[in-house]
């Protein structure tokens, strides 16, 4: 999630040339605009982020998020979360029949936040987890770095993203990789949108999904659908890796984020389960991590129109029914 967020408008890109996909049995992977499982069944993410790194004692959150209908949980990790803990997180996700998007948070706002690190350092973090990630391709998505650029020097995003993905592949990691856009994830500059074809082509496995974060930049239905349209027209896979119902940078067209995602087979992951602070407590879904004390945002995303409970399909690797491809 970003706090300092800042509209954009760029011409739709030409459709990308078709690319190879991983063979069946290779775990979660990209097929055209869709994410599919190893057996070829379409998988559409429906879930929320859980701030595990800061609230390691809230282990019941995984069960609660699943009980409310999610098929995916995006798990916040920081540099001090070691391999043993990550192995436990993956095991917990699997026990609760959730696809596990592991997210490294240390890159947030790189270039503006003095404490953030570049994507190359994020890649090194993932390399340190190779042993616990190996063999988990059916269950785990690697979200290389959260919001890896702020609003300055965003032209560096493409090279940095390519470098990080190349480093993961050279180390033998074959997982579906999720890459966040610059501009604190919101990509209002269009850098990710314009360079996504090159990033996908750079990956020898062609197994990258692009993640946009939708906050105040996406204040109208048209801004949401324009961004969705650009990836549809380019034939590229997209998820909404974070969004809220409002934010410090303005209103969010959350109803459109959800309804159009459902209509198009685009995954979405809301921010966030609980534990927000610094004036954005309104983004909590469960007050005090209590699943029985849902906030207005929690009720909206789980039980509202086009919400998680009504639209999520459990991954077939857990025995769920195949989702319709968008």
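Values in this text are rule-based calculations from the coordinates and carry no lab data. For clarity, every value in this text was computed on a predicted model and none was experimentally measured. Note: ideal-geometry Cβ built from the backbone for every residue, glycine included; neighbour counts use all protein chains shown.
Values for this structure:
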quantity: Relative contact order of region 109-151, pairs being alpha-carbon contacts under 8 Å that are 6 or more residues apart, as %; calculated: 68 percent
quantity: Two-decimal Rg to Rh for region 144-200 - Kirkwood Rh, Cα set; calculated: 0.97
quantity: The chain - share of DSSP beta bridges that are antiparallel (%, nearest 5); calculated: 20 percent
quantity: For region 86-115 and region 284-326, distance of Cα centres in Å; calculated: 19 Å
quantity: Average projected area [Cα convex hull, the chain], square nanometres; calculated: 13.8 nm²
quantity: Difference of contour (0.36 nm per residue) and Cα-Cα distance, residue 85 to residue 293; calculated: 72.1 nm
quantity: Stokes-Einstein D (µm²/s) once Rh is taken as the Kirkwood radius of region 110-246 over alpha-carbon pairs, at 37 °C in 0.692 mPa s; calculated: 216 µm²/s
quantity: Region 29-318, relative contact order [Cα under 8 Å, separation at least 6], %; calculated: 21 percent
quantity: Burial order of peptide ranges 184-193, 118-127 (average beta-carbon count within 10 Å, highest first); calculated: 184-193, 118-127
quantity: Region 77-148: relative contact order in percent, alpha carbon pairs under 8 Å with at least 6 residues between; calculated: 43 percent
quantity: Mean Cβ neighbour count within 10 Å, used as a protection proxy, ranking 198-209, 275-286 highest first; calculated: 198-209, 275-286
quantity: Spacing of the two label points (7 Å from each Cα toward its C-beta) at residue 170 and residue 115, in nm; calculated: 3.1 nm
quantity: Cα-Cα P(r), region 281-322, percent of pairs per 10 Å interval; calculated: 29, 37, 28, 6
quantity: Order by protection proxy (mean Cβ within 10 Å, highest first), peptides 26-33, 219-226; calculated: 26-33, 219-226
quantity: Helix-only CD estimate at 222 nm, as mean residue ellipticity for the chain, using -39500 (n - 2.57) per DSSP H run (n ≥ 4); calculated: -8500 deg cm²/dmol
